[in-house]
Amino acid sequence: MKNILKITLAIASCSLLIASCSDWTKVESVDIKETMPWEASPKEWAEYQARVRDYKNRPHKLVYIRFANSPQGVQNERGSLRSLPDSLDIVSLTNGENFSKYDAEDMSRMRAVNIKVICQIDLAAAENASAAIDKAVTTVKENALDGYSFTATSKETASEMVKRLSSAKSESQILVFEGDPVFINSEDIAKIDLFVLATETIENPYDLRIVMDDALEQGVPKERILLSASQNGVFYNSENVEIPVLEAMADNVVEYGPMAGFALYDIESDYYHYDRNWSNLRSAIHRLNP
């Protein structure tokens, strides 16, 4: 009987413990509202934005990125325009033809720090070039974007792009070409504001110099050239030692200058870092403009 009582008490104790643990581990939803800096301290935020605009108005190396905006809405801050570093100069939307209400909501934040947001036209991915141009022109007009960027794989398509986009853009908007300037007719060079050279796959100074020399021979002014680099790329110095690609290409902009600046591709993987978001991107910007 004494043993049975002990067992009964033990079972009862276990039941109470299980019930208590169940209460402790019960999942409850907690409503957590994320407070953004501009919401927490509006006055200080406005002063900060004024300082950023002042920096942008002074001579500096431009920083240009491609950004995959999402028409379905952002799942986290990484996919939103407002998450990008304020020291960027130009953001080229790779899904600009599907500019969403979420993108529109972030545009005032872009304008407050003088970031130009432009629509990219990738003719290699477009089934109908003319329709792609029409869609981009409509998108830019309807959403008051700051211009266009485009790629091309032939002189004919590049010539048509320059003709239509240069006539569609306003005086304050920009036209950017990404790729090999060999596709641009000499008479069209003056109509393009910036040339992003296809250096994102270049892995050493020798090949980089060849690409640079070819662009200059095509008549592209050095002060309108941006070197491109991929977050996923590699680069080796003259001693064949691998060095961080973004830092290397930022240094090349300075070494081969004076140049317009630096373009970064595939940046999405750079968002999460233990110390700060966009760590490599921010380091490259600081390296260009200490």
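Structure data summary
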{"item": "The lone exception for Lys135 - which of (1) surrounded by fewer than 19 Cβ atoms within 10 Å (Cβ to Cβ); (2) closer than 17 Å to Phe67 by Cα it fails", "result": "(2)"}
{"item": "Lys169 vs. criteria in contact with a Gly (Cβ under 8 Å, 6 or more places away or on another chain), more than 24 Å from Leu216 (Cβ to Cβ) and either surrounded by 13 or more Cβ atoms within 10 Å (Cβ to Cβ) or of a type outside the set (S, T, N, Q) (or both)", "result": "yes"}
{"item": "Residues being out of contact with any helix residue (DSSP H, G or I) (no Cβ under 7 Å at 6 or more places or on another chain) and of a type outside the set (Ser, Thr, Tyr) - total across region 215-231", "result": "5"}
{"item": "Test: Pro71 is at pLDDT 60 or above, surrounded by 11 or more Cβ atoms within 10 Å (Cβ to Cβ), within 28 Å of Asp266 (Cα to Cα) and in contact with a helix residue (DSSP H, G or I) (Cβ under 6 Å, 6 or more places away or on another chain)", "result": "yes"}
{"item": "All positions within region 219-243 that are within 15 Å of Leu281 (Cβ to Cβ) and surrounded by fewer than 17 Cβ atoms within 10 Å (Cβ to Cβ)", "result": "Asn232"}
{"item": "Checklist (1) under 27 Å from Leu81 (Cβ atoms); (2) without any contact (Cβ under 8 Å) to a residue 40 or more places away in the chain; (3) in a loop (DSSP other than H, G, I, E, B) applied to Phe177, failing item", "result": "(3)"}
{"item": "Hey, Ala144 buried (at least 20 other Cβ atoms within 10 Å of the Cβ) and in contact (Cβ under 8 Å) with a residue 24 or more places away in the chain or not", "result": "no"}
{"item": "Selection from region 183-204 of residues that are among the β-branched types (Val, Ile, Thr) and either part of a helix (DSSP H, G or I) or on the phi > 0 side of the Ramachandran plot (or both)", "result": "Ile189"}
{"item": "Which listed residue, of Gly96, Gly79, is modelled with pLDDT under 90 and either more than 27 Å from Ala152 (Cβ to Cβ) or surrounded by fewer than 17 Cβ atoms within 10 Å (Cβ to Cβ) (or both)", "result": "Gly79"}
{"item": "Filter result for Glu105 (surrounded by 11 or more Cβ atoms within 10 Å (Cβ to Cβ), acidic (Asp, Glu) and either farther than 28 Å from Leu288 by Cβ or at pLDDT 90 or above (or both))", "result": "yes"}
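So that you can scan it fast, the table gives a plain yes or no per residue for (1) under 28 Å from Ala250 (Cα atoms); (2) out of contact with any helix residue (DSSP H, G or I) (no Cβ under 6 Å at 6 or more places or on another chain); (3) modelled with pLDDT of 95 or more:
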| position | (1), (2), (3) |
| --- | --- |
| Arg109 | yes, no, no |
| Val117 | yes, no, yes |
| Lys155 | no, no, no |
| Glu160 | no, yes, no |
| Ser167 | no, yes, yes |
| Leu175 | yes, no, yes |
| Asp180 | yes, yes, yes |
| Ala198 | yes, yes, yes |
| Ile210 | yes, yes, yes |
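The values are calculated or read from the model by the stated rules, or taken from the named source; none is laboratory data. Since we're looking at a predicted model, the values are computed, not measured. Cβ atoms come from the backbone with ideal geometry, glycine included; neighbour counts cover every protein chain shown.
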